[in-house]
Amino acid sequence: MAIDFAGALWTADIEPPCLIRTIIAGAGEYPDRIAVIDGDLELRYDELLDWSAEVARLLLGNGVRRGDRVAVACPRGAPAVAALLATALAGFTYVPLDPEYPRARLDHMLRDSGARVVLYNGELWDLPETTTPLRIPEWTGGQSRRPGRWPGQTWVAEHDAELAVYIIYTSGSTGWPKGVALPHSCLDNVAEWQARVSPVPDLRTAQFAPLNFDVSFQEIFGTLCGGGTLVIMPERLRREPVDLLDWLVEHRVRRLFLPYVALQMLAVAIGFGAPVDRLELTEINVAGEQLVITDDIRQLFDRLPGCRLMNHYGQSESAMVSAHLLTGPPAQWPTIAPIGLPLPGCELLLDPVDDAGDGVGELLVGGSPVALGYVDRPELNARRYVAVPTTAHGSTRLFRTGDLVRFVDGAVHFVTRLDDDVKLRGIRVNLVELDAQLMAQPEIAAAVSVVRQQGQTRSLRAGVVLKQPGTAFDEQDVLRRLRLVLPEAFVPASVSVIDALPRTPSGKLDRDAVAVLVEQAVG
């Protein structure tokens, strides 16, 4: 397929080391360093590898072989980390399953992935007869075997850039999720980059992301490959930002990976007087959706002068693609943060969507981030992973992200989703820009805008969460203020107060659910 690209970005070549070999080598160098903290359990690096080796031997003893898929059904915690590391050590492919999902969805993911074995701890649903459940052995401690001296270490997989490390499931247009296989060529690069780009490689990092969300792998491997400590965050803190701040202080957490909406609510909590002087945060990374720099976020980083903010961009289908570090005084940060420069080994290309001449095009990704593709979806793979004549940096296969972007001064700026491209009366409307202006209003903590379709008529609507729930809200005054800063086409027909912004299981904003709430509010 020949594409007339309107722009291209590239940084540098890279040959990252195998992430498993990096973790093993690190454990040999600092075996007594703490790798994982999960409540009262603290695991040294040598102990974590010993536990993972025990899990791997359990799988091998049950007939699992190199390249086989192993489902893991357990909550976030040290057992899940040991299971993930075990599958990678032995050359298996890890398939995370959230036990809280509906059973029909879990059964679909099991069938679709082809996993014959399910590792678990805790409760387990009734599995199909063709699937073998294996309980993850509990860690009992004991005499540690230093890395490099394990009996039978020949089971540690040889490095293969095309070997799938994991299969993760993402939303599908059919109503059922679709699996995406990510190989070492993706994950090795992300883990090496994360350890290198952070202020120091061995940061104490909170494990915040759900295990079926790809950022969890960046948290886990990016921390372990750098010799850091992974601290498992209790699940209840996901929606309790004030208590989360206390937990971050108690556990001396220095690095966070958060969806944007979680960062915004954390900033709001601090704005209402939560203490920050004892926080040791050095780096906060935001991913999963467009980062809007609100006044709350500016004030947060004003009060954390030793902490930096990075905006990460990627998809389940192409891992980590680009990043942007916010620099200078927070007061000077742009309201809508760029998604930045490509990671080394990543090629970004712009496919213009129309002849409007506004520099907007679909972003295509080549190089190291590109996944193996969707599991058993040949037609979808042909549409999204396109073959092209060899590009300037050697790509012959590109992933169509479905994201509309601009290339400005050598950096990528997100505009909107291609399938959510909003044009009202012939004018392209950026929903993120409207969201940003709504959150600039002093009474609004969070906001999301949606398009309401009534017959042939489309209109903008917005749902907002108030900083002080239950207080009076003057919708017309907010609309008046928006008209002072936005073109008329960008001003919503209504602004409805909702209790909270619905989120997907991964923590992203759920615009479809917001649209339902707004529809109920406007009638």
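Can you confirm whether the stretch 311-318 contains a residue that is part of a loop (DSSP other than H, G, I, E, B), touching a Gly at 6+ places or on another chain (Cβ under 8 Å) and surrounded by fewer than 23 Cβ atoms within 10 Å (Cβ to Cβ)? No, every residue in the stretch 311-318 fails to be part of a loop (DSSP other than H, G, I, E, B), touching a Gly at 6+ places or on another chain (Cβ under 8 Å) and surrounded by fewer than 23 Cβ atoms within 10 Å (Cβ to Cβ). Evaluated against (1) in contact with a helix residue (DSSP H, G or I) (Cβ under 8 Å, 6 or more places away or on another chain); (2) buried (at least 23 other Cβ atoms within 10 Å of the Cβ), Pro79 falls short on exactly one condition, (1). Taking the condition within 26 Å of Gly179 (Cβ to Cβ) and surrounded by fewer than 18 Cβ atoms within 10 Å (Cβ to Cβ), does Pro369 pass? For Pro369, the condition - within 26 Å of Gly179 (Cβ to Cβ) and surrounded by fewer than 18 Cβ atoms within 10 Å (Cβ to Cβ) - is not met. With respect to the conditions (1) in contact with a helix residue (DSSP H, G or I) (Cβ under 8 Å, 6 or more places away or on another chain); (2) part of a strand (DSSP E or B), Asp376 falls short on a single one, namely (2).
Taking the criterion of being in contact with a strand residue (DSSP E or B) (Cβ under 7 Å, 6 or more places away or on another chain) and open to solvent by less than 40 Å² (accessible area, probe 1.4 Å), the residues of the stretch 56-66 that qualify are Leu59, Val64. Does the stretch 210-244 hold any residues that are more than 17 Å from Arg196 (Cα to Cα), among the acidic types (Asp, Glu) and not in a loop (DSSP other than H, G, I, E, B), and which are they? Across the stretch 210-244, the qualifying residues are Glu235, Asp243. Among residues of the stretch 470-502 being in contact (Cβ under 8 Å) with a residue 60 or more places away in the chain and either farther than 18 Å from Glu519 by Cα or touching a Pro at 6+ places or on another chain (Cβ under 8 Å) (or both), the one that is surrounded by the most Cβ atoms within 10 Å (Cβ to Cβ) is Phe490.
Contact map, the stretch 157-172: first residue in a loop (DSSP other than H, G, I, E, B), second residue at pLDDT below 75, Cβ cut-off under 9 Å, separation 6 or more or different chains; pairs are Leu163/Ala157; Ser171/Thr504.
Evaluate the following for Thr205: is it touching a helix residue (DSSP H, G or I) at 6+ places or on another chain (Cβ under 7 Å), of a type in the set (S, T, N, Q) and at pLDDT 95 or above? Don't jump to the end; show me each part of the working.
Numbers: touching a helix residue (DSSP H, G or I) at 6+ places or on another chain (Cβ under 7 Å): yes; of a type in the set (S, T, N, Q): yes; at pLDDT 95 or above: yes.
Yes.
Could you tell me whether any residue of the stretch 272-290 is at pLDDT 85 or above, within 13 Å of Ala445 (Cβ to Cβ) and open to solvent by less than 30 Å² (accessible area, probe 1.4 Å)? Within the stretch 272-290, none of the residues are at pLDDT 85 or above, within 13 Å of Ala445 (Cβ to Cβ) and open to solvent by less than 30 Å² (accessible area, probe 1.4 Å).
Count, please, the residues in the stretch 234-257 that happen to be of a type in the set (A, V, I, L, M, F, W, C) and surrounded by fewer than 22 Cβ atoms within 10 Å (Cβ to Cβ). Residues flagged as of a type in the set (A, V, I, L, M, F, W, C) and surrounded by fewer than 22 Cβ atoms within 10 Å (Cβ to Cβ) within the stretch 234-257 amount to 5. Scoring Pro133 on the criteria (1) modelled with pLDDT of 85 or more; (2) in contact with a strand residue (DSSP E or B) (Cβ under 6 Å, 6 or more places away or on another chain); (3) open to solvent by less than 10 Å² (accessible area, probe 1.4 Å) leaves a single failure, condition (3). Filtered by the rule that a residue be in contact with a strand residue (DSSP E or B) (Cβ under 8 Å, 6 or more places away or on another chain) and either within 21 Å of Arg303 (Cα to Cα) or part of a strand (DSSP E or B) (or both), the stretch 334-349 gives Thr335, Ile336, Ala337, Gly340, Leu341, Pro342, Cys346, Glu347, Leu348, Leu349. Among the candidates Ala337, Ala392, Ala382, Ala387, the residue that is among the aliphatic types (A, V, I, L, M), free of Cβ contacts under 8 Å to residues at least 60 places away in the same chain and open to solvent by 40 Å² or more (accessible area, probe 1.4 Å) is uniquely Ala382.
Conditions (1) open to solvent by less than 40 Å² (accessible area, probe 1.4 Å); (2) more than 23 Å from the chain's Cα centre (by Cα); (3) at pLDDT below 90; (4) among the charged types (D, E, K, R), marked per residue:
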residue	(1), (2), (3), (4)
Leu85	yes, no, no, no
Ala88	yes, no, no, no
Gly91	yes, yes, no, no
Pro96	yes, no, no, no
Pro99	no, no, yes, no
Pro102	no, no, yes, no
Glu123	no, yes, yes, yes
Asp126	no, yes, yes, yes
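The values are calculated or read from the model by the stated rules, or taken from the named source; none is laboratory data. Because the structure is predicted, anything quoted here is derived from the model rather than measured. Please note: Cβ atoms are built from the backbone with ideal geometry, for glycine as well, and neighbour counts cover all protein chains shown. Areas reflect the complete protein model, heavy atoms only, side chains present, ligands, DNA and RNA absent. Shrake-Rupley method; radii C 1.70, N 1.55, O 1.52, S 1.80 Å.
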